[in-house]
């Protein structure tokens, strides 16, 4: 076992996020900072802290040459890579405000964010992404400078066709000047991070240097992180969970961060990198869980029995280690079962993980129990972009997987009306960018943030029990407002009613009530008998309905796509108990009535 050593940077020395970076460079200049797979050489490469600092200096001088003022916004449309850090740190060191954009979001949404923040510079992955964005920006003056990271060397100058576009290789100086840690206030705005709301356009969450630093500090106070740790990064850095927990947190602790190539190559990257810490959304764990269950089902009966025994006794071992269960004679079998079963599963994850954190959406208890039973230290947390983002997380030594853990140090929680969870502390946002009305709805004068989630306290642990605001949270952490989508679908005269589903699921589905007056002609168009109930399950008909739904949702973000639909003819009404007297759909009753059809839609995902 290698030696584990702590080297945390105190908040009073860091002050700002760029101050945190310079403090880390000073403390451990020759320690490995970042690791990534270089496609040109088909090999893993790395940079030390002093080497990354040398590169940040180049980006810093290039940005300084754009005549930007402190407080100006600059944006990134970039996949995870060392250049994300270089640009971010260069911008922050100049007092600029970074605005991260999702690489897989709709171009219209990115254009809206660039326009609302008046971003003066944009770092974008490549020309293809810029071209898609430029098509919807019309004569928008922002950004004034667009830097393309990936441009083949034989590509002719882009400036001839678009003066504001430049290749990074031409824009960056060969070297940059050294700089000192600036004198700044931790209350200075650091980033504007956009998050989906229940209605209307996305809202820009304003986070200060102090917001994010306090969140990082609270996290490392609850979960020990060491210089010898290796993090594997695969959530997008535009996601605040990834940015705080897999970028600034390793920096505070002096750990190494490796960038995964893609979700599709994650299995190989886990084996190659052999991380000690991973931060992920539930969907990642769900996929491994599903594959593992499928493999076990096809094994001989003795193997299935042995796996079941291992998870049963593994859970007893976990509860015993946590101090919640007395010693049991079956624990004598655990070392053997761990060697034969559990360790083989953990080797697929690299074999060295000492902390796996799930956040961004609820983690199914069955999934958590299986991994924990096999010896994976899997803990669940809770947070929101508006809280920088972590509110709570389960400690490794007091892990209650049915909860989202205990609040971070300095974070206060209370249960308000309708059991709504409210949060106060140094990580709570300043407010929404250019949106005081939306800010006032969630942020009281006393500084308490209303999450919209319902919760209860079990001792010192927090358990999320429901949601006041009508938002679906997919298993990848994306938040989708179903009411807006249902309204858009309902504009099609063919659909009498619609209900969008997907809470905790990998994709969205929908229950669609067809217009009974239009149904006969629709059925005949598809050569179906309108009187036969099985006609509603015709795959050709369903394909046509999916196309109409996608057309209705064309203006929604890219992740708001319906992949499965169930067609029904009986409307939801007051008479059948599926509508309230005020004509609101009773979602739980509708879901219960159609539970078998819903299960079939998600069973098809296998």
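Taking helices (runs of 4 or more DSSP H) that do not extend beyond the range 1-81, which have at least 3 residues that are in contact with a helix residue (DSSP H, G or I) (Cβ under 9 Å, 6 or more places away or on another chain), at pLDDT below 95 and surrounded by 22 or more Cβ atoms within 10 Å (Cβ to Cβ)?
On the way: elements: 11-14, 17-27, 49-64.
Once the helices (runs of 4 or more DSSP H) in the range 1-81 are filtered for at least 3 residues that are in contact with a helix residue (DSSP H, G or I) (Cβ under 9 Å, 6 or more places away or on another chain), at pLDDT below 95 and surrounded by 22 or more Cβ atoms within 10 Å (Cβ to Cβ), nothing remains.
Of the residues making up the range 378-415, just one is over 24 Å from residue 284 (Cα atoms) and crowded, with 24+ Cβ neighbours inside 10 Å, namely 408.
Checked against the criteria, residue 301 does not count as crowded, with 22+ Cβ neighbours inside 10 Å and in the same structural domain as residue 388 (by TED's automatic domain parsing).
Here are some residues: 498, 483, 455. Which one is part of a strand (DSSP E or B) and over 30 Å from residue 407 (Cβ atoms)?
On the way: 483 fails: part of a strand (DSSP E or B); 455 fails: over 30 Å from residue 407 (Cβ atoms).
Residue meeting the stated conditions: 498.
Mind listing just one residue for me: the one in the range 505-523 that is buried (at least 19 other Cβ atoms within 10 Å of the Cβ) and over 19 Å from residue 483 (Cβ atoms) and, of those, farthest from the chain's Cα centre (by Cα)? Top of the filtered list is 523.
When the range 43-54 is filtered for residues that are over 28 Å from the mean Cα position of the chain (by Cα) and either free of Cβ contacts under 8 Å to residues at least 40 places away in the same chain or under 20 Å from residue 234 (Cα atoms) (or both), the ones remaining, listed by number, are 50, 51.
Considering the conditions (1) touching a residue at least 40 places away in the same chain (Cβ under 8 Å); (2) assigned by TED's automatic domain parsing to the domain that holds residue 319; (3) at negative phi, residue 419 is excluded by exactly one of them, (3).
Is it true that some residue in the range 224-234 is in contact (Cβ under 8 Å) with a residue 40 or more places away in the chain, closer than 24 Å to residue 476 by Cα, in the same structural domain as residue 387 (by TED's automatic domain parsing) and in a loop (DSSP other than H, G, I, E, B)? Yes, the range 224-234 contains at least one residue that is in contact (Cβ under 8 Å) with a residue 40 or more places away in the chain, closer than 24 Å to residue 476 by Cα, in the same structural domain as residue 387 (by TED's automatic domain parsing) and in a loop (DSSP other than H, G, I, E, B). Within the range 291-339, can you find the residues that are touching a residue at least 12 places away in the same chain (Cβ under 8 Å) and out of contact with any helix residue (DSSP H, G or I) (no Cβ under 9 Å at 6 or more places or on another chain)? Correct list: 294 only.
Look at residue 109 and say whether it is in contact with a strand residue (DSSP E or B) (Cβ under 9 Å, 6 or more places away or on another chain), assigned to a loop (DSSP other than H, G, I, E, B) and buried (at least 20 other Cβ atoms within 10 Å of the Cβ). Spelling it out, it is not the case that residue 109 is in contact with a strand residue (DSSP E or B) (Cβ under 9 Å, 6 or more places away or on another chain), assigned to a loop (DSSP other than H, G, I, E, B) and buried (at least 20 other Cβ atoms within 10 Å of the Cβ). Mind checking whether some residue in the range 353-361 is assigned by TED's automatic domain parsing to the domain that holds residue 283, surrounded by 14 or more Cβ atoms within 10 Å (Cβ to Cβ) and assigned to a helix (DSSP H, G or I)? For the range 353-361, residues assigned by TED's automatic domain parsing to the domain that holds residue 283, surrounded by 14 or more Cβ atoms within 10 Å (Cβ to Cβ) and assigned to a helix (DSSP H, G or I): absent.
Kindly indicate whether residue 75 is in the same structural domain as residue 108 (by TED's automatic domain parsing) and within 27 Å of residue 108 (Cα to Cα).
Values: in the same structural domain as residue 108 (by TED's automatic domain parsing): yes; within 27 Å of residue 108 (Cα to Cα): yes.
For residue 75, the condition - in the same structural domain as residue 108 (by TED's automatic domain parsing) and within 27 Å of residue 108 (Cα to Cα) - is met.
The residues on offer are 541, 528, and the sole one that is in a helix (DSSP H, G or I) and either modelled with pLDDT of 90 or more or within 38 Å of the chain's Cα centre (by Cα) (or both) is 541. Within the range 113-136, the residues that satisfy the criterion of being surrounded by 17 or more Cβ atoms within 10 Å (Cβ to Cβ) and either modelled with pLDDT under 85 or within 24 Å of the chain's Cα centre (by Cα) (or both) are 113, 114, 116, 117, 119, 122, 123, 124, 125, 129, 130, 133. The residue that is surrounded by the fewest Cβ atoms within 10 Å (Cβ to Cβ), among those in the range 254-271 that are touching a helix residue (DSSP H, G or I) at 6+ places or on another chain (Cβ under 6 Å) and assigned to a strand (DSSP E or B), is 258. Since residue 572 meets every condition but one in (1) assigned to a loop (DSSP other than H, G, I, E, B); (2) touching a helix residue (DSSP H, G or I) at 6+ places or on another chain (Cβ under 7 Å); (3) over 17 Å from residue 494 (Cα atoms), which condition does it not meet? Failed condition: (3). Among the residues of the range 422-452, the ones that are part of a loop (DSSP other than H, G, I, E, B) and either touching a helix residue (DSSP H, G or I) at 6+ places or on another chain (Cβ under 8 Å) or assigned by TED's automatic domain parsing to the domain that holds residue 402 (or both) come to 13 in all. If the condition is being at pLDDT 95 or above and part of a helix (DSSP H, G or I), then the range 170-213 contributes 171, 209, 210, 211, 212, 213. When you scan the range 82-96, do you find a residue that is free of Cβ contacts under 8 Å to residues at least 40 places away in the same chain, surrounded by fewer than 23 Cβ atoms within 10 Å (Cβ to Cβ), part of a loop (DSSP other than H, G, I, E, B) and not assigned by TED's automatic domain parsing to the domain that holds residue 558, even just one? Yes, that holds for at least one residue.
The values are calculated or read from the model by the stated rules, or taken from the named source; none is laboratory data. This one's a predicted model, so the numbers in the text were calculated from it and none came from an experiment. Note: ideal-geometry Cβ built from the backbone for every residue, glycine included; neighbour counts use all protein chains shown.
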